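Notes follow the structure.
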Number of protein chains: 2
Amino acid sequence: MAVIDAVAEAVRASIGRGELPSIELPVRGLENVSYDAAEGYLELGDAIKLRTLTVNTVRSFAQTLRLMAASREMVQHDDFATKREAYYISKNWGDCRFDEQAESDAIMDDIEALASLHGLSREQLRFYPESHGGSVAGQLVVLDTDPVSGTHLEIDCANLGSGAYSIPRSVERLQFRTNAAFVLAIETGGMFQRLNNHRFWKNANCILVEMGGVPTRATRRFIRRLSDNCNLPVYCFVDCDPYGFANIYRTLKVGSGNAAHINRFFCVPRAQYLGVTPKDITEFGLEDATHPLSKTDIKRAQDALKNDPFFASTPAWIAAIEQLLNMGVRAEQQALAKWGLNYVIDEYLPRKLAHKESFLP
Amino acid sequence: MAVIDAVAEAVRASIGRGELPSIELPVRGLENVSYDAAEGYLELGDAIKLRTLTVNTVRSFAQTLRLMAASREMVQHDDFATKREAYYISKNWGDCRFDEQAESDAIMDDIEALASLHGLSREQLRFYPESHGGSVAGQLVVLDTDPVSGTHLEIDCANLGSGAYSIPRSVERLQFRTNAAFVLAIETGGMFQRLNNHRFWKNANCILVEMGGVPTRATRRFIRRLSDNCNLPVYCFVDCDPYGFANIYRTLKVGSGNAAHINRFFCVPRAQYLGVTPKDITEFGLEDATHPLSKTDIKRAQDALKNDPFFASTPAWIAAIEQLLNMGVRAEQQALAKWGLNYVIDEYLPRKLAHKESFLP
């Protein structure tokens with residue numbers, strides 16, 4: 001709230017001095033992004049754009065201020081809005097109503113980038129994502145409060161049967177209690193259900209998180225906070241293909257290039273890539289359960305090598321991606337079922353976990 | 001298991017008699033589907049196709065039997081496989097391995113259709129869907145057992161804080177305890193989070209289910225069993241557009257046309273359409289928060305009127321869809337935010353629930 005008040009104060013002061021008020025916003029986009037291995041995420045540079053009040057910008061200037069005012073009110077009343085709701089709220093703003101959600105999204109991204117410079121995420125401004133959080137099961141007690149009564153609640157993720165804990169859209173208020181040794185972040189829902197139904201997390205002493213493809217903001221932030229607060233490494237178990245490497249794992253570990261202003265909150269620096277690795281395809285005899293790389297796969301892999309600051313600066317990944325391109329095939333997590341449905345539990349994961357030095361960084 | 005054994009026995013007997021063995025499978029597809037208002041779902045007709053062992057069918061014949069054998073084994077060992085895993089299992093079947101998942105899916109659909117004649121769903125054959133179940137919060141205790149130890153577990157969906165209960169891929173083993181008056185099935189995750197965070201379910205005495213678009217098999221089956229076992233009506237709260245009517249609500253209530261063999265397990269006959277209705281757009285002053293119907297919207301609405309046996313046989317729906325086409329606009333759930341973020345909780349839902357006779361059938 002202090003951030004919002006400070007911006008509003010600066011605008012008011014300019015007007016008081018008879019100057020045209022303006023708001024300083026960070027430049028978003030790849031030209032203002034770099035990867036710092038020490039920091040562990042794709043980060044926003046120092047480039048700034050000025051939104052000054054002129055005839056041409058009067059509408060977006062007013063919209064920026066009104067959206068910030070809405071955020072301030074939600075903080076005061078402990079409420080929230082999805083991006084879609086934020087768009088509809090504006091329908092009562094008269095001339096400065098948004099005509100398209102793309103407009104309100106762009107301005108929200110600006111505000112988010114501004115707030116990120118002050119260590120605040122969009123969720124803390126009370127704009128929540130629409131998309132679903134993943135599911136969680138295993139050796140973890142989530143500590144939460146009832147949003148209305150404030151009563152303390154404990155959710156034991158080891159006691160949800162064949163079901164799981166569904167991550168809420170904002171995880172900032174959650175705390176954790178666990179003796180687990182690591183977090184296992186899983187790409188597919190089917191694999192998550194298998195490991196959960198067989199209580200893999202009990203013997204392996206871990207926490208299972210279902211990402212369901214590229215993890216959503218809520219899932220990424222949940223894993224990050226869990227890793228930070230409980231000092232846990234995060235092992236990533238996804239398909240062996242360029243999408244698994246460059247979209248799922250890369251997003252989880254260092255964030256995404258076109259949303260660099262949020263990566264500092266959402267990256268998971270302690271993430272490591274357990275598998276499936278290109279080497280696993282031969283070591284676990286999956287050759288006849290592979291599929292040829294598609295053109296899109298090959299392009300994605302080449303892009304990762306050439307244009308992605310994370311992969312380009314990580315020799316082990318360069319070697320792995322080149323190996324995959326040479327093999328010309330991809331392998332899914334489920335391919336392990338070739339050796340029996342529970343080969344993944346009885347053989348694959350124990351062997352991998354016994355050799356953590358073989359994980360990709 | 002008795003069904004599988006009976007088919008296997010019949011095949012063996014034919015061979016013993018020196019005849020070519022064959023398996024009787026129901027014809028799937030729209031030409032063998034009808035809507036019976038009394039039954040309340042799109043149901044499979046009596047058409048049968050014979051899969052007889054010949055030179056041309058030897059592979060699919062063998063695959064059908066092997067997949068049924070795999071199902072039998074999973075029932076015996078209390079295990080399961082996703083469709084994708086079932087495809088990979090075949091990689092060790094030598095000549096009758098599946099080359100594409102489309103092959104194994106088609107044969108699984110045949111087996112499922114066969115089993116459905118005996119009152120069995122695919123989940124009971126232990127083939128689970130890959131896709132995520134929805135989330136649940138509110139006045140409900142889910143009774144489950146630990147899949148490994150068999151310990152009895154109670155999951156109180158009123159005590160999950162801002163999080164929720166994530167529905168597992170198979171819900172057959174679940175039981176329920178509740179005093180709720182109804183189930184509210186919600187289209188969007190954002191709306192679910194709003195109603196959950198504000199504990200709407202407490203005052204309204206209900207159970208919230210997040211569908212997240214068209215509900216998955218697990219979500220549909222969960223709602224159906226909840227409605228059956230606890231004698232609860234189900235109110236559906238979705239966007240006012242042809243997709244909300246014809247894809248989301250129709251699928252929940254009566255099932256889908258190209259999967260008629262499963263509708264008897266997955267339809268929710270007690271589902272009613274709470275809103276947003278075309279009438280709500282004027283009654284709740286949402287005119288300036290609407291969007292014009294797209295060409296796809298219009299085509300989908302016309303298709304529903306012309307080709308969909310459920311809508312075509314329901315006068316109230318014909319009137320509603322024609323009204324929407326005349327208005328030429330659609331309105332989302334979130335459009336209610338125009339009157340304030342919690343207008344939906346303070347005004348819209350209470351007014352609608354006070355006039356259940358205005359729900360669409």
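A short reminder: the numbers here are calculations on the coordinates, not readings from a lab. What you see is a predicted model; the values in this text were computed from it and never measured. Cβ: placed from backbone, ideal geometry, glycine included. Neighbour counts: every protein chain shown.
Structure remark: mean-square fluctuation, Gaussian network model of chain B, C-alpha springs under 10 Å; the largest value among B:Asn263, B:Asn247, B:Asn229 belongs to B:Asn229. The two copies A and B are related by a rotation, and the chain A beta carbon nearest its axis, with distance in whole angstrom, is A:Ser166, 2. Between copies, the label points at B:Pro361 (set 7 angstrom from Cα along Cα-to-Cβ) are spaced 6.8 nm, reported in nanometres from shortest to longest. With neighbour counts taken as other beta-carbon atoms within 10 Å, the residues A:Ile155, A:Ile207 rank, fewest first, as A:Ile155, A:Ile207. When the Gaussian network model of chain A links Cα atoms closer than 10 Å, the mean-square fluctuations of A:Ser14, A:Ser34, A:Ser149 top out at A:Ser149.
Give me the percent relative contact order of chain A, please, defined on Cα pairs under 8 angstrom at least 6 residues apart.
15 percent
Diffusion coefficient of chain A by Stokes-Einstein, Kirkwood radius over Cα pairs, 4 °C, 1.567 mPa s: 58 µm²/s.
Shielding of peptide A:187-197 by partners, expressed as the average count of other chain Cβ atoms within 10 Å per residue Cβ, is 6. For the range A:2-128, the Cα-based Rg and Dmax, in that order, read 15.1, 48 Å. The longest part of chain B holding none of the exposed loop GluC sites (Glu not before Pro), meaning those outside H, G, I, E and B in DSSP with at most 16 other Cβ atoms within 10 Å, is B:173-361. Secondary structure note: in the protein assembly as shown, about 65% of the DSSP beta bridges are antiparallel. Copy-to-copy label distances for B:Gly94, where each label lies 7 Å from Cα along Cα-to-Cβ, are 8.2 nm in order of increasing length. Quick one: work out the % antiparallel among DSSP beta bridges in the range A:135-358, nearest 5. Here the antiparallel bridges make up roughly 55 percent for the range A:135-358.
Coordinate range of the alpha-carbon atoms in the range B:139-262 per principal axis, descending: 44, 37, 23 Å.
Largest GNM mean-square fluctuation among A:Arg97, A:Arg12, A:Arg330, using chain A with Cα springs under 10 Å: A:Arg12. Distances between equivalent label points of B:Asp105 across the copies, with each point positioned 7 Å along Cα→Cβ, amount to 2.7 nm, shortest listed first. In summary, the aspartates and glutamates within cross-link reach of A:Lys299, defined as a Cα separation below 13 angstrom excluding same-chain residues under 8 places away, comprise A:Asp241, A:Asp308, A:Glu322. Residues A:His132, A:His198, A:His261 in ascending order of nearby Cβ atoms (within 10 Å, fewest first): A:His198, A:His132, A:His261. Residue pairs exceeding 23 angstrom between C-alpha atoms, taken from A:Lys279/B:Lys91; A:Lys253/A:Lys356; B:Lys202/B:Lys279; B:Lys295/B:Lys338; A:Lys83/A:Lys306: B:Lys202/B:Lys279; B:Lys295/B:Lys338; A:Lys83/A:Lys306. Of all the C-alpha pairs in the protein assembly as shown, what % are more than 45 Å from each other? Everything past 45 Å amounts to 26 percent.
Take the Cα coordinates of the range A:255-361, assign each an equal point scatterer, and use the Debye formula without solvent to give log10 I(q)/I(0) at q = 0.24 Å⁻¹. Each listed q corresponds, in turn, to -1.34. Sorted fewest first by neighbouring Cβ atoms within 10 angstrom, B:Lys83, B:Lys306 come out as B:Lys306, B:Lys83. When +1 charges are put on Lys and Arg Cβ atoms and -1 charges on Asp and Glu Cβ atoms, the dipole computed for the protein assembly as shown relative to its Cα centre reaches about 260 debye. Per-residue ellipticity at 222 nm computed for chain B from its helices equals -11000 deg cm²/dmol, with DSSP H segments shorter than 4 residues left out and the rest contributing -39,500 (n - 2.57). Extent of the range A:196-247 along its three principal axes (Cα atoms, max minus min coordinate, largest first): 31, 27, 16 Å. Using DSSP to call loops (not H, G, I, E or B), can you name the trypsin sites (Lys or Arg not before Pro) in the range A:125-226 whose Cβ has at most 16 other Cβ atoms within 10 angstrom? Answer in residue order: A:Arg173.
In peptide B:277-290, how many Cβ atoms from other protein chains are near each Cβ within 10 Å, on average?
Across B:277-290, the average partner-chain Cβ count within 10 Å equals 1.
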